[in-house]
Amino acid sequence: MAISYDEVEVGTQLPAQSFPVTRDTLVRYAGASGDFNPIHWNEKFALEVGLPDVIAHGMFTMAQAIRVVTDWVGDPAAVVEYGVRFTRPVPVPNDGVGAVVEVSAKVAKLLDDRRVQVDLLATTGGQKVLGMSRAVVRLA
Amino acid sequence: MALDPSFIGRTYPPTEPYEVGREKIREFAIAIGDANPAFTDPEAAKALGHPDVIAPPTFPFVITYRAAAQVVEDPELGLDYSRVVHGDQKFSYSRPVVAGDRLTVAVTIDNIKSLAGNDVLTVRGEVSDALGEHVVTSVMTLVARAADETGE
């Protein structure tokens with residue numbers, strides 16, 4: 001069911017979601033994306049370069065955050081712009097539990113041409129991991 | 001050593017076409033855990049008006065990241081990739097990436113600046129299809145941490 005521009009307003013909340021991340025998630029993402037930087041799978045290497053643990057790919061976190069928007073609008077092609085700043089890494093411990101990225105979003109601006117700006121908030125362990133995280137979405 | 005700002009505006013030749021396959025899109029969608037049927041089911045994608053399955057919004061980075069290697073590995077620029085982190089990422093789409101697309105990327109260095117001793121490099125990738133039509137622009141900011149800040 002497509003979301004109509006006429007049924008949203010500034011402040012409309014999108015359904016929030018939680019995305020679990022484990023070490024095997026990161027290995028799978030490394031393979032699919034071609035980003036084999038060892039900080040995303042090799043704990044020894046990550047610690048040597050001063051990270052607290054293996055960290056998630058920023059692009060993986062970016063991919064999770066926009067799902068709150070694409071699941072809301074239905075057609076992922078409704079996203080016409082999407083940008084984030086990677087402000088804090090997402091450490092993924094090797095404890096079988098991993099990390100959870102919590103994402104909420106709300107309509108921040110009504111734009112022309114039935115487009116809206118959606119601002120996203122992504123956190124892990126209560127700390128914000130993406131800044132300036134926003135999408136422009138064309139609604140029905 | 002700071003990066004040379006005279007590289008601002010440098011363009012690199014368009015990459016060889018990357019052919020987007022349905023199964024590559026499926027693999028990527030599974031890797032990000034996204035079950036939207038537009039990524040895996042051609043009929044679902046067609047019902048939304050797309051000619052075939054489409055790729056998730058961040059998929060173009062798979063292609064633009066490879067293309068940006070021209071900059072990252074440019075010996076004249078001299079970036080130390082071991083000190084680089086991904087600072088910002090932005091996409092502007094004319095249309096989604098669709099299975100069957102043959103995409104080329106034209107890379108430009110949009111900006112080089114120094115912030116608190118770190119080099120901040122902005123690399124733009126313009127992604128075009130086989131007809132030369134714009135598909136998506138990726139703007140990536142890379143931050144090379146200052147060499148004297150070890151183990152931060």
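Readers should treat all values here as calculations from the given coordinates under stated rules, not as data from a laboratory. It should be emphasised that the depicted structure is a prediction, and the values quoted were computed from it without experimental measurement. Here Cβ is always computed from backbone atoms with ideal geometry, including for glycine, and neighbour counts include all displayed protein chains.
Inside the stretch A:70-121, residues that are part of a strand (DSSP E or B), among the polar types (S, T, N, Q) and farther than 28 Å from B:Asp41 by Cα make up a count of 1. Looking across B:Val135, B:Val139, B:Val105, one residue alone is touching a residue at least 40 places away in the same chain (Cβ under 8 Å), of a type in the set (A, V, I, L, M, F, W, C), within 13 Å of another protein chain (Cβ to nearest Cβ) and over 23 Å from A:Arg88 (Cβ atoms). It is B:Val135. Pairs linking a residue in the stretch B:65-87 that is within 25 Å of A:Pro89 (Cβ to Cβ) to a residue that is in a helix (DSSP H, G or I) and of a type in the set (Ser, Thr, Tyr), with Cβ atoms under 6 Å and 6 or more positions apart or on different chains, are B:Val72/B:Tyr81. The residues in the stretch B:30-62 that are more than 19 Å from B:Leu103 (Cβ to Cβ) and in a loop (DSSP other than H, G, I, E, B) can be counted, and the count is 9.
Just one of the listed residues (A:Gly98, A:Gly83, A:Gly31) is facing another protein chain (nearest Cβ under 10 Å) and over 15 Å from the mean Cα position of the chain (by Cα), namely A:Gly31.
Here is a check on your reading of the model: is A:Val107 in contact (Cβ under 8 Å) with a residue 40 or more places away in the chain and touching a Ser or Thr at 6+ places or on another chain (Cβ under 7 Å)? The answer is yes for A:Val107.
Of the residues making up the stretch B:75-89, not a single one is assigned to a loop (DSSP other than H, G, I, E, B) and crowded, with 22+ Cβ neighbours inside 10 Å. Checked against (1) among the charged types (D, E, K, R); (2) over 14 Å from the mean Cα position of the chain (by Cα); (3) within 25 Å of B:Met140 (Cα to Cα), A:Glu48 meets all criteria but (3).
May I ask you to list pairs of residues, at least six apart or on different chains, whose Cβ atoms are under 8 Å apart, with the first in the stretch A:5-27 being under 30 Å from A:Ala140 (Cβ atoms) and the second being surrounded by fewer than 17 Cβ atoms within 10 Å (Cβ to Cβ) and of a type in the set (A, V, I, L, M, F, W, C)? Cβ pairs passing all conditions: A:Tyr5/A:Leu110; A:Tyr5/A:Ala140; A:Val8/A:Leu110; A:Glu9/A:Leu110; A:Val10/A:Ala108; A:Val10/A:Leu110; A:Ser18/A:Val100; A:Phe19/A:Val100. Which condition from (1) within 23 Å of B:Ile32 (Cα to Cα); (2) touching a strand residue (DSSP E or B) at 6+ places or on another chain (Cβ under 6 Å); (3) surrounded by 20 or more Cβ atoms within 10 Å (Cβ to Cβ); (4) not aliphatic (A, V, I, L, M) is the one that B:Ser92 breaks? For B:Ser92, the failing item is (3).
Residues in the stretch A:46-74 that are facing another protein chain (nearest Cβ under 8 Å) and either within 19 Å of A:Leu111 (Cα to Cα) or buried (at least 24 other Cβ atoms within 10 Å of the Cβ) (or both): A:Gly58, A:Phe60, A:Met62, A:Ala63, A:Gln64, A:Ile66, A:Thr70. Identify the residue in the stretch A:13-28 that is surrounded by fewer than 16 Cβ atoms within 10 Å (Cβ to Cβ) and more than 9 Å from chain B (Cβ to nearest Cβ) and, among all such residues, is farthest from B:Tyr65 (Cα to Cα). Among those residues, the one meeting the criterion is A:Gln13.
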